[in-house]
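First the structure, in the form of structure tokens, and then the observations on it.
Nothing in this text is a laboratory measurement; each read-out follows from the coordinates by a stated rule. Computed from a predicted model, the values in this text were never measured in an experiment. Glycine also receives a Cβ, built like all others from the backbone with ideal geometry; neighbour counts cover every protein chain displayed.
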Amino acid sequence: MDAGIPEEEIAFIHTADSEAKKKELFSKVRVGQVRVLLGSTAKMGAGTNVQDRLIALHDLDCPWRPSDLQQRLGRIVRQGNENEEVEIYRYVTEGTFDAYLY
């Protein structure tokens, strides 16, 4: 919103509490009506196919299993994404085990 993105173009996967709502949300992401989608690996991992217009992935936490990071990466770096280059951001707190791990 402060960055100029209208509120209706920002969505949170956890509000899609039925398969119909999830399907509608994913459709909006694929066509660009939703530009920012927030969610967890559990909710947006396997079976999430919204890669068409994705440009960036922000990892806000550090999962313990490398397969979870691979699953996240697989949502954006995949066939069907119109963008040849994407940005991957990982955030950690300095001085923590996460910073050491990553």
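Remarks
- Checking each residue in the range 1-32 for being in contact with a helix residue (DSSP H, G or I) (Cβ under 7 Å, 6 or more places away or on another chain) and surrounded by fewer than 13 Cβ atoms within 10 Å (Cβ to Cβ) picks out 1, 14, 32.
Let's see how each residue does on (1) touching a residue at least 40 places away in the same chain (Cβ under 8 Å); (2) under 29 Å from residue 94 (Cβ atoms); (3) under 14 Å from the mean Cα position of the chain (by Cα):
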site	(1), (2), (3)
7	no, no, no
26	no, no, yes
31	no, no, no
34	no, no, yes
38	no, yes, yes
45	no, yes, yes
48	no, no, yes
51	no, no, yes
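- Counted residues, the range 62-102 - those being within 23 Å of residue 14 (Cα to Cα) and either under 11 Å from the mean Cα position of the chain (by Cα) or touching a residue at least 24 places away in the same chain (Cβ under 8 Å) (or both): 12
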